[in-house]
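Below is one structure; the comments refer to it alone.
The values are calculated or read from the model by the stated rules, or taken from the named source; none is laboratory data. Owing to the predicted nature of the structure, the values given are computational and were not obtained by experimental measurement. Counting neighbours? That spans all protein chains shown, and the Cβs are built from the backbone with ideal geometry, glycine included. Calculation scope for accessible area: heavy atoms of the full protein, side chains included, ligands and nucleic acids excluded. Shrake-Rupley method; radii C 1.70, N 1.55, O 1.52, S 1.80 Å.
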Amino acid sequence: MVNDLVLDKNYKKGNKGKKVRLIQEWLCLHGLYVVIDGDFGPATDYGVRHFQSREGLKVDGIVGKKTFSRLILPITNALRPISPDKKSLGQMVVAYAGQHLKQRPREIGGQNKGPWVRLYMDGQEGPQWPWCASFVCFILKQACQTLSMPLPITTSVSCDILAASALEKGIFLKESEVVNKSQIRPGFLFLNRRKPADWVHTGIVIQPKEEIFLSIEGNTNDEGSHEGYDVCQRIRGYNNKDFIII
């Protein structure tokens, strides 16, 4: 993933390769929808020039350091450290989740693909790599690193493994054990339970209420699917939800 944040040379019309594909992904993420094929042709040249003009950069069609830095600014902003300021781990998780949400992370170039997915999935991407668990784990890692705390669970791309780790460490809260909604706090992770010992989606509790809770989730969509395309804030009910105490 580090390679996605570094420009190895200037790129312009006629160039080909993975870095050109990355440039095309970011053009699309900025609303300039070119074909993502790794070929810096006339359409990509036009997209780069339009982006440069819109951003007040030198309009030359060359993706150098300044243009590239502006293209990837959303990820740069999402990765900025947040001051601990006496925050608890749960509060820090909520703060980082909100910081990512503000940058509108989403897939581009196909199912479970693009620079945001690779960020959360440690370089992996593709249909076989749903990334909801990786999103919450990435946020949890940022929060723990900021507070110089060990991770409370074993991180994983699998919701089932997250649940197993939480059970092992005694921080798993079953739906049946929730007597009062005040037990659920901002920063907890929720797990959408399909059947006993089978969880299919996860996200971060932002604000718990009596009948619903607000969440920030990755790899979801307007329908609340566990196989969506972006990071968004949702309103969730408590049915079929278990929780990981953070």
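The test for being within 15 Å of TYR96 (Cβ to Cβ), of a type in the set (A, V, I, L, M) and open to solvent by 30 Å² or more (accessible area, probe 1.4 Å) holds for ILE206. Screening the candidates GLY31, GLY38, GLY47 for the property of being on the phi > 0 side of the Ramachandran plot, open to solvent by less than 30 Å² (accessible area, probe 1.4 Å) and either within 17 Å of the chain's Cα centre (by Cα) or not basic (Lys, Arg) (or both) yields one hit, GLY38. Close Cβ contacts (under 6 Å, 6 or more residues apart or on different chains) running from residues in the stretch 4-29 that are more than 19 Å from TYR120 (Cα to Cα) to residues that are in a helix (DSSP H, G or I) and of a type in the set (Gly, Ala, Ser) comprise LEU27/GLY47. Of the residues examined, ASP160 is not one that is in contact with a helix residue (DSSP H, G or I) (Cβ under 8 Å, 6 or more places away or on another chain), modelled with pLDDT of 95 or more and of a type in the set (Asp, Glu).
The single residue among ASP198, ASP242 that is more than 28 Å from ILE108 (Cα to Cα) and either crowded, with 20+ Cβ neighbours inside 10 Å or basic (Lys, Arg) (or both) turns out to be ASP242. When PRO150, PRO105, PRO130, PRO115 are checked against the criterion of being closer than 23 Å to GLU25 by Cα and open to solvent by 40 Å² or more (accessible area, probe 1.4 Å), a single residue qualifies: PRO130. Taking the criterion of being aromatic (Phe, Trp, Tyr) and closer than 30 Å to ILE75 by Cα, the only residue of the stretch 231-246 that qualifies is PHE243.
Residues in the stretch 133-147 that are buried (at least 24 other Cβ atoms within 10 Å of the Cβ) and over 11 Å from the mean Cα position of the chain (by Cα): how many? Here the count works out to 2. Tell me which residues, restricted to the stretch 156-177, are surrounded by 17 or more Cβ atoms within 10 Å (Cβ to Cβ) and either hydrophobic (A, V, I, L, M, F, W, C) or within 24 Å of GLY98 (Cα to Cα) (or both). The answer is VAL157, CYS159, LEU162, ALA163, ALA164, ALA166, PHE172, LEU173. Considering only the stretch 17-79, give the helices (runs of 4 or more DSSP H) lying wholly within it that have at least 1 residues that are of a type in the set (Gly, Ala, Ser) and modelled with pLDDT of 95 or more. Counting at least 1 such residues, we get 42-54, 65-71, 73-78.
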